[in-house]
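So the structure is just underneath, and the comments pick up after that.
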Amino acid sequence: MTVRDAAREAYREALPALAASLVGGLIAGVVLSGMRAELRDVSGLLVLVPALLATRGNVYGSLGARISTALHQGLVEPRVRGGDERLRSAVAAALANGLLASAFAAVAVFTVLSLLGSSVAPLPVLVAIALLAGLLSGVALSAVVVTAVFAGYRRGRDPDTLVGPLVTTTGDVFGVFFLLAAVRIVLALAEVI
């Protein structure tokens, strides 16, 4: 295989995923632009959004890379089975890392905005929103990443070329949707309490 053939193959595999990533980013932007009321109600939420979205990409991109490597090495079969200890451990680690990073991001936003004298929502509200959004999007992203990596691998695609754009797209879309849901749930519970 020549360099030109390898480049052509890489673009052939990556372009559909990149196009989907573009559309997903636009959808996430539209949802975010519709969150004006929530952004006003929770001071500091707009500062938290990029941190939460970046966290999703980093954590679940690593999950996809781990699964991809395990497939290439023959350590896991390209099937979702409840008994696969390696797969369960990788997903559990990704979820735990995502929740930890979400909580850290909320604390960091609260601390920085407080030190700058900016208006910021109470720390428990920011942490609750970040954790709930992290849990909901983490479960959805885990399912999407595992399914897509396995399906791509079974179809002869290199899962490494799918993981980046896939996680970026689904992370942004699910991240913003579940952030909106988390804000509404936490604010509704705060009114009840």
Problem set entry | Share of carbon and sulfur in the accessible heavy-atom surface of the chain [1.4 Å probe, %] | 68
For this session: Normalising by the residue count of the chain, find the relative contact order in percent from Cα pairs under 8 Å and 6+ residues apart.
Result: 36
Problem set entry | Charge sum, other residues only, whose C-beta stays under 12 Å from VAL145's C-beta, Lys/Arg counted +1 and Asp/Glu -1 | +2
Problem set entry | Cα radius of gyration and Dmax for segment 129-193 (Å) | 15.1, 53
Problem set entry | In range of the label at LEU115: residues from segment 46-62 whose backbone nitrogen is under 18 Å from the point 7 Å along Cα→Cβ | 47-48, 51
Seminar exercise, completed: Diffusion coefficient in µm²/s returned for segment 62-164 by Stokes-Einstein, Kirkwood Rh over C-alpha pairs, 20 °C and 1.002 mPa s, is 141
Exercise. Per residue, what volume in Å³ does the Cα convex hull of the chain take up?
Worked result: 129
Exercise. What does the charge add up to near ALA7, with Lys and Arg as +1, Asp and Glu as -1, over the other residues with Cβ less than 14 Å from its Cβ?
Worked result: -1
Problem set entry | Most to least packed among 14-22, 1-9 [average Cβ atoms within 10 Å] | 14-22, 1-9
Exercise. Averaged per residue, what accessible surface does the chain expose to a 1.4 Å probe, in Å²?
Worked result: 53
For this session: Mind giving me the nanometre distance, one decimal, between the label points for ALA188 and ILE27, set 7 Å out from Cα along Cα→Cβ?
Result: 2.2
For this session: Sum up the charges of everything whose Cβ sits under 14 Å from the Cβ of VAL167, counting Lys and Arg as +1 and Asp and Glu as -1, but leave VAL167 out.
Result: 0
Exercise. Say we join alpha carbon atoms closer than 10 Å with springs in a Gaussian network model of the chain; which of VAL173, VAL80, VAL109 then has the biggest fluctuation?
Worked result: VAL80
Seminar exercise, completed: Taking N as the residue count of segment 1-73, its alpha carbon Rg divided by 2.2 N^0.38 Å gives 1.59
Exercise. Simple spin-label model, 7 Å along Cα-to-Cβ: ALA7 to ALA108 in nm?
Worked result: 3.7
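The values are calculated or read from the model by the stated rules, or taken from the named source; none is laboratory data. No experiment lies behind these values; they were computed from the predicted model shown. With ideal geometry, Cβ positions are generated from the backbone for all residues, glycine too; neighbour counts draw on all protein chains shown. Areas reflect the complete protein model, heavy atoms only, side chains present, ligands, DNA and RNA absent. Shrake-Rupley method; radii C 1.70, N 1.55, O 1.52, S 1.80 Å.
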